[in-house]
Structures are given as C-alpha cells and as structure tokens.
Amino acid sequence: MTEAAQGLVARWKDADDRARLLQVIQPGLVGLIDGTVSTLAPIFAAAYLSGSRTALLVGLATALGAAISMGISEALSDDGELTGRGNSLTRGIITGAATFVGGSLHSLPFLIHDVHKALPVAYAVVAVELLTIAWVRKRFLKASLAQSLVQVTMAGVIVAGVGIALGHA
C-alpha cells in the first residue's frame, strides 16, 4: 500500500462519524449518483442507435468525462477549511472515482456483441447500482430505504427514458 493510501486509511480510522460522512461518504455518494444517472441517456441512446460497441465506447467516454468533471468540481468547490469537509484533493479523487464506477459499470454489459442480449444485462446492472445507492443513503444518511428506492429509481427511469427515446428517434 502506498504512503498516501496508508494516510487515507489512518485518517479514516481516526475520524469521527461526522467527518467520515462529510469527507468520504458524501463525496462518494455524489459521484456514484452522478455517474450512474447521468450516463444512462447517452449509453442507451447509443445502444439503440448503433449497437453494443458504440454503447460501450460512449459509456466509457461518458464515464471518464463525468469522472474528470465531477472530481474537478468537487475539488474546486470547497477547500474544506470553512466547512470541515476535509482536503479538497482527496474529496475530488473520491468523487471522481465514484463517478467513474457509477458510469462505467452499466457500460460493461455492452462487451456482449449482441445488443439485444447486452441490454437486459445492462438494465440489471443499473438496478443493482440504484439499489446500492439507496442502501448507502439508508446506511449513512439515515434515509428511508423505500423513499430512497423511489427517488433514485425515478431519477434513473427519467434519464434512461430520455436515452431510449433519443435512441428510437
């Protein structure tokens, strides 16, 4: 493990629950939600318009672009001094990495060449991602699991619907 990673683990162990929430969980959750939801429209539009290979490449490009954008946005939004949200670079890396994970996982089913076989797998992956987001919100933000499921599912359905509609245009 690198020295930087060891430092992160040590800070995690030494931090109180509020610091963990503000400095790790919240930036990670923001990234996971953004990566999962914002990439649905381009991936599904590409799948319906051009097939699996295009959906895979568009999905990975979108996930990378969103990860860079979200990481920079988080890092530049707050230096952490006034709010206690911790080191801006660390938060930016956490947000960017979580955005990439959220955006890339449902791109991977498009490694399956047949788009009609890849789409149901991608839908299942999105469902697992949305369930994970709802669980994290319940576990760390004390949000109702039912309410979280409705909220994240509605967001996912709306954005995926946009992509499907554009893919059939």
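The values are calculated or read from the model by the stated rules, or taken from the named source; none is laboratory data. Keep in mind it's a predicted model, so treat the numbers as computed, not measured. For neighbour counting, all protein chains shown are included, and Cβ atoms are generated from backbone atoms with ideal geometry for every residue, glycine included.
Brief remarks on what is shown
- Take the conditions (1) within 17 Å of the chain's Cα centre (by Cα); (2) assigned to a loop (DSSP other than H, G, I, E, B); (3) among the charged types (D, E, K, R); ASP79 misses just one of them, which is (1).
- Selection count, the range 107-142, where residues are of a type in the set (A, V, I, L, M), closer than 25 Å to ARG20 by Cβ and crowded, with 16+ Cβ neighbours inside 10 Å: 4
- With respect to being part of a helix (DSSP H, G or I) and of a type in the set (Gly, Ala, Ser), GLY86 falls outside the description.
- Set LEU76, LEU29, LEU60: member being surrounded by fewer than 24 Cβ atoms within 10 Å (Cβ to Cβ), within 16 Å of VAL136 (Cβ to Cβ) and either modelled with pLDDT of 90 or more or touching a Lys or Arg at 6+ places or on another chain (Cβ under 7 Å) (or both): LEU29
- Selection count, the range 143-163, where residues are out of contact with any Lys or Arg (no Cβ under 6 Å at 6 or more places or on another chain) and surrounded by 16 or more Cβ atoms within 10 Å (Cβ to Cβ): 9
- Out of ALA55, ALA98, ALA67, sole residue that is surrounded by 23 or more Cβ atoms within 10 Å (Cβ to Cβ), of a type in the set (A, V, I, L, M), touching a residue at least 40 places away in the same chain (Cβ under 8 Å) and in contact with a Ser or Thr (Cβ under 8 Å, 6 or more places away or on another chain): ALA55
Residue by residue, here is whether (1) modelled with pLDDT under 95; (2) small (Gly, Ala, Ser) holds:
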{"residue": "ALA5", "(1), (2)": "yes, yes"}
{"residue": "ALA19", "(1), (2)": "yes, yes"}
{"residue": "THR54", "(1), (2)": "no, no"}
{"residue": "ALA67", "(1), (2)": "no, yes"}
{"residue": "SER88", "(1), (2)": "yes, yes"}
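- Residue list for the range 116-167, filter: among the basic types (Lys, Arg), assigned to a helix (DSSP H, G or I) and out of contact with any Ser or Thr (no Cβ under 8 Å at 6 or more places or on another chain): LYS117, ARG139
- Candidates GLY163, GLY65, GLY92, filtered to the one that is farther than 16 Å from THR36 by Cβ and small (Gly, Ala, Ser): GLY92
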